[in-house]
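What follows is a short report on a single structure.
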Amino acid sequence: MNDLKLTVSSSPHIRANHSTASIMQNVIIALLPALAVAGYVFGVWALALVAICVISCVVTEAIIQKLLKKPVTINDWSAVVTGVLLGFNLPIGAPWWIAVIGSVFAIAIVKQCFGGLGQNFMNPALAARAFLLASWPTRMTSTAYIPVSDTVTTATPLALLKSGELASMPTTLDLFTGLNGVYGCIGEISALALILGGLYLIIRGIISWRIPVIYIATVAVIALVAGQDPLVHIFSGGLMLGAFFMATDYASSPVTAKGQIIYAIGCGLITMIIRLIGGYPEGVSYSILLMNLTAPLIERFTKDKVYGVTKAKKEAKA
Amino acid sequence: MDVKHGTFKGGIHPPYGKESTAGVPLGFGDAPKVVTIPMSLHIGAPCTPVVKKGDQVYLGQKIGEANGFVSAPIHASVSGKVIAVEEKPHPNGDLVMSVVIESDGQDTVDPAIKPYGSLSEMEPDAIKKMILDAGIVGLGGATFPTHVKLAIPPDKHVDCIVLNGAECEPYLTADHHLMLTKPEKVVMGLKIAMKSVGVSKGYIGVEDNKNDAIEALVKAAGSDTGIEVYSLHTKYPQGAEKQLITAVTGREVPSGGLPADAGVVVMNVGTAAQIAETMETGMPLYKRNLTCTGDAIKNPQTLEVRVGVELQSVIDQCGGFASDPGKVIMGGPMMGVTQFQTNVPVIKGTSGILCLTVESAKIPEPSNCIHCGKCMTVCPIHLQPLYLSEYSQRNRWDKCEQNNVMDCIECGSCSFICPAKRTLISSIRVAKREIIAQRRKGN
């Protein structure tokens with residue numbers, strides 16, 4: 001009878017079905033509509049750039065982990081997500097080597113140098129975008145948004161808004177679908193596709209509604225107060241991509257519910273300060289990166305009330 | 001009677017796995033040839049054996065004397081001959097002094113046992129003594145001596161009793177079957193307990209995946225206005241003491257306190273039914289319902305089994321193993337204790353024997369925390385398991401304590417939900433043990 005080979009372990013003895021890999025795969029599924037729009041609008045080079053980013057990210061991760069003699073965890077799909085997001089943040093005119101350098105920076109410096117998955121204090125794809133923007137400003141902005149149709153303008157809607165050239169502004173419907181002559185980074189042109197993906201993540205319980213909804217609402221309200229069209233502001237630039245897929249990065253956003261609300265309002269506020277009075281036409285990336293830095297602090301001050309702990313008791317303890 | 005609905009914030013929805021035994025009628029364990037009764041069947045001081053090898057014992061005769069206040073006497077679960085009084089393997093993993101009785105198959109009841117009479121004739125103190133003498137302990141699994149629970153310290157004010165029929169542990173249907181087969185006993189036991197502590201309000205909380213049990217209890221409670229049945233949202237850990245109290249009364253048990261600090265005494269429905277049974281027949285606690293189930297069991301079933309019966313013989317009665325078992329768990333999958341071997345006895349707290357196949361018993365490889373915060377969302381105490389676990393792994397017990405680690409009820413929801421398969425609850429347990437050890441040293 002005692003020849004049974006029984007495992008002895010501490011409870012619980014059952015685990016939920018999901019895993020880090022399944023969560024990352026769902027994020028990739030959610031990014032597919034925007035990828036499809038990118039392929040349709042910008043052509044094959046858009047897909048190739050995203051593929052270059054993905055491959056560079058995965059290879060970089062594998063090499064670094066091998067060098068550091070750590071288990072190679074590329075099968076958790078997190079490097080793939082970083083790759084797709086970085087690809088989405090590049091202009092269609094970006095050369096292949098920019099994609100590679102950005103990927104290496106995102107994975108090697110921003111992610112692995114700080115301890116790998118879950119330990120990065122900034123969103124790797126966004127940090128890489130900021131790095132590329134600072135290093136090759138011309139290759140990363142206006143002139144790189146090569147038009148695919150024969151429209152004359154090459155400026156992004158937010159740049160038009162900033163310079164006051166409202167005559168060449170695409171219609172709000174075009175901004176929403178992104179299918180017809182709207183310029184921007186590869187993955188950010190279609191608000192519709194990004195909202196679809198974002199809703200999928202919220203329904204699957206992978207992200208909370210708090211960060212994207214409050215972020216977007218804050219932007220809309222400030223636009224309204226500033227006397228500008230809130231729809232143009234929320235459908236243009238990187239807001240949808242940023243709100244649903246970048247600001248919600250687990251590692252660099254607060255985990256507490258109250259913290260997420262403060263963080264999202266902060267993102268919206270900084271985005272609009274940059275858009276309305278800053279030098280750049282777009283402020284989504286920098287607003288998220290700045291709020292990433294505040295996330296640990298916000299978290300510390302927004303802990304939930306612990307069951308059974310009353311204020312008097314807490315003070316007595318302190 | 002209106003059935004009110006209650007719930008708490010947090011919790012998880014594990015796969016329930018109750019279908020395989022909920023629909024099968026309650027079975028009865030085969031009469032055992034030998035029973036091994038450990039002298040530790042409860043939380044508290046172990047008993048001293050009062051029989052010796054060669055003695056003849058009756059069914060229901062006291063064989064272990066309680067030592068101290070937090071303890072409960074132990075009785076023979078068969079009639080027959082004591083063949084050994086020695087250390088035997090216990091489900092907690094230790095060797096424990098045990099009385100081994102060879103059954104004569106007669107089940108001759110101890111002639112000293114007689115019914116206690118009716119509730120109206122019994123005074124509160126007599127009820128408490130009856131509960132102590134019958135060795136009644138919490139049958140939900142914690143096995144805390146019931147007479148201790150009912151002895152309310154004079155500085156605390158209790159105004160209601162809540163019966164726990166939530167049975168939120170997946171797979172288990174022991175309480176479900178009990179509430180279906182003995183609803184009037186559950187209600188009677190509640191009334192007895194209410195009289196013993198002098199309260200006029202009693203609640204029974206049952207998860208809403210057991211609507212048939214809720215109906216049966218409502219019917220059994222009849223027009224009694226002092227008793228209310230609550231339908232609780234099906235969610236783990238709905239049956240955890242604190243969560244149950246909050247779901248039913250809306251009160252919170254203060255941190256570090258007992259239910260009595262919230263004016264409540266909580267008791268399992270099985271415990272209540274046993275109290276009623278004892279008053280009616282005089283018989284002590286010597287048998288209980290348990291669910292023998294899991295994907296490694298051929299014919300899963302809930303059975304009424306005597307204390308002291310070997311797990312293996314219960315498993316055999318349920319058709320044996322369908323395939324090689326990887327884990328044998330006493331209790332449910334969320335909080336149950338894994339066993340090294342199947343030759344340990346059923347004890348008073350054995351609510352289930354869960355056998356998982358080698359495949360289901362595989363322990364997943366943990367990876368980096370991705371900071372998703374799911375553990376925090378599900379924590380019924382609203383702690384931050386991700387950080388507590390990190391502090392614990394760095395031996396920062398001070399940080400653990402500051403962040404209320406001692407309030408953790410060890411329900412395991414955090415480990416269940418973690419997508420990175422981190423062993424959150426294990427490291428939190430380590431921190432709790434360390435802090436308790438340090439406090440002892442400090443004193």
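The values are calculated or read from the model by the stated rules, or taken from the named source; none is laboratory data. Note that the coordinates shown come from a computational prediction; the quantities given were computed from them, not determined experimentally. Neighbour counts are summed over all protein chains in view; Cβ atoms, including those assigned to glycine, are modelled from backbone coordinates with ideal geometry. Please note that ligands, DNA and RNA were not included when accessible areas were found on the heavy atoms of the full protein model with its side chains. Shrake-Rupley method; radii C 1.70, N 1.55, O 1.52, S 1.80 Å.
Cross-link candidates for B:Lys62: which lysines have Cα within less than 17 Å, leaving aside residues fewer than 8 places away along the same chain? Candidates past the 8-residue exclusion: B:Lys52, B:Lys53, B:Lys81, B:Lys114, B:Lys129, B:Lys287, B:Lys348. Reducing region A:1-80 and region A:198-216 to their Cα centroids gives an inter-centroid distance of 20 Å.
So what's the gap between the Cα centers of region B:171-238 and region B:72-132, to the nearest angstrom? Their Cα centres are 26 Å away from one another. Rounded, prolate or oblate for chain A? Axes are the square roots of the Cα gyration tensor eigenvalues, ordered a ≥ b ≥ c, and the cut-off for rounded is a/c under 1.5. Because a/c hits 1.5 or more and a/b fails to exceed b/c, chain A counts as oblate.
With protein chains left intact and a 1.4 Å probe, residues in the protein assembly as shown average 40 Å² of accessible area per residue.
For the protein assembly as shown, the antiparallel share of DSSP beta bridges with both residues in that region comes to about 60%. Using only side-chain charges placed at the Cβ, +1 for Lys and Arg and -1 for Asp and Glu, the dipole size of region A:201-318 relative to its Cα centre rounds to 720 debye. List the pairs from A:Lys305/B:Lys242; A:Lys66/B:Lys374; B:Lys9/B:Lys421; A:Lys70/A:Lys111 whose alpha-carbon separation is above 20 Å, in the order I gave them. Correct reply: A:Lys66/B:Lys374; B:Lys9/B:Lys421.
Using θ = phi - 60° in the Karplus curve 6.51 cos²θ - 1.76 cosθ + 1.60, the 3J(HN,Hα) couplings for region B:15-20 round to x, 7, x, 8, 4, 5 Hz; x is entered for Gly and Pro. Largest GNM mean-square fluctuation across B:Ala431, B:Ala273, B:Ala112, computed for chain B with C-alpha springs under 10 Å, falls on B:Ala112.
Computed over chain A with a Gaussian network model linking Cα atoms closer than 10 Å, the most mobile of A:Ile189, A:Ile277, A:Ile207 is A:Ile277. Put a plus charge on the Cβ of each Lys and Arg, a minus charge on the Cβ of each Asp and Glu, and nothing anywhere else: the dipole of chain A about its Cα centre is then about 1320 debye.
Starting from the Cα gyration tensor of the protein assembly as shown, take the square roots of the eigenvalues, sort them a ≥ b ≥ c, and report rounded, prolate or oblate (rounded when a/c is under 1.5, otherwise prolate if a/b is larger than b/c, else oblate). Prolate shape, in that a/c is at least 1.5 and a/b is the bigger ratio.
Helix A:78-88 versus the longest principal axis of chain A: what is the Cα-based angle in degrees, 0 to 90, to the nearest 10? Between helix and principal axis, roughly 10 degrees. Looking at chain B, the DSSP beta bridges with both ends there are about 60 percent antiparallel. In a Gaussian network model over chain B where Cα atoms closer than 10 Å are linked, find which of B:Val305, B:Val265, B:Val358 has the largest mean-square fluctuation. Taking springs between Cα atoms under 10 Å, the residue moving most is B:Val358. When the other protein chains are added to the chain by itself, burial of at least 10 square angstrom of heavy-atom accessible area (probe 1.4 Å, ligands and nucleic acids ignored) affects these residues of region B:333-352: B:Pro333, B:Met334, B:Gly336, B:Thr338, B:Gln339, B:Phe340, B:Gln341, B:Thr342, B:Asn343.
Could you size up the charge dipole of the protein assembly as shown around its Cα centre, putting +1 on the beta carbon of Lys and Arg and -1 on that of Asp and Glu, and report it in debye to the nearest 20?
My answer is approximately 1780 debye.
Once both axes come from the Cα atoms, what is the angle between helix A:44-67 and the longest principal axis of chain A, in degrees from 0 to 90, rounded to 10? Long axis of A:44-67 versus the principal axis of chain A: about 30 degrees. For region A:212-313, the list of trypsin sites (Lys or Arg not before Pro) that fall in a loop by DSSP and count at most 13 other C-beta atoms within 10 angstrom reads A:Lys305. Cross-link partners for B:Lys4 among the lysines, with Cα-Cα distance under 16 Å and sequence neighbours closer than 8 places in the same chain left out: B:Lys201, B:Lys210, B:Lys219.
The aspartates and glutamates whose alpha-carbon is closer than 20 Å to the alpha-carbon of A:Lys162, local same-chain residues fewer than 8 away aside, are A:Asp174, A:Glu188, A:Asp229, A:Glu282. Applying a DSSP loop filter and a limit of 14 other Cβ atoms within 10 Å to the chymotrypsin sites (Phe, Trp or Tyr not before Pro) in region B:346-443 leaves nothing. Taking the longest Cα principal axis of chain A as reference, the axis of helix A:284-300 is set at about 20 degrees.
Each of A:Leu4, A:Trp96, A:Ile206 was scored by the projection of its Cα onto the charge dipole of chain A, and the greatest displacement toward the positive side belongs to A:Leu4; charges sit on the C-beta of Lys, Arg, Asp and Glu. For the pair B and A, the buried accessible area comes to roughly 4400 Å² in total, with a 1.4 Å probe and the value rounded to the nearest 100. Of the residues A:Phe301, A:Ser253, A:Tyr280, the one whose Cα sits farthest towards the positive end of the charge dipole of region A:202-318 is A:Phe301 (charges of +1 on Lys and Arg Cβ, -1 on Asp and Glu Cβ, taken about the Cα centre).
With a ≥ b ≥ c taken as the square roots of the eigenvalues of the C-alpha gyration tensor of region B:238-380, please select rounded if a/c is under 1.5 and otherwise prolate if a/b is larger than b/c or oblate if it is not? Oblate shape, in that a/c is at least 1.5 and b/c is the bigger or equal ratio. Per-residue Karplus couplings for region A:4-10, computed as 6.51 cos²θ - 1.76 cosθ + 1.60 with θ equal to phi - 60°, are listed in order as 5, 9, 9, 7, 10, 8, 8 Hz, Gly and Pro entered as x.
The helix-only estimate of mean residue ellipticity at 222 nm for the protein assembly as shown, built from DSSP H runs of length n ≥ 4 each weighted as -39500 (n - 2.57), is -12000 deg cm²/dmol after division by the residue total. The amide H of B:Glu86, built 1.01 Å from its N in the peptide plane, has B:Ser98, B:Val100 as neighbours under 5 Å, considering only residues 5 or more places off or on other chains.
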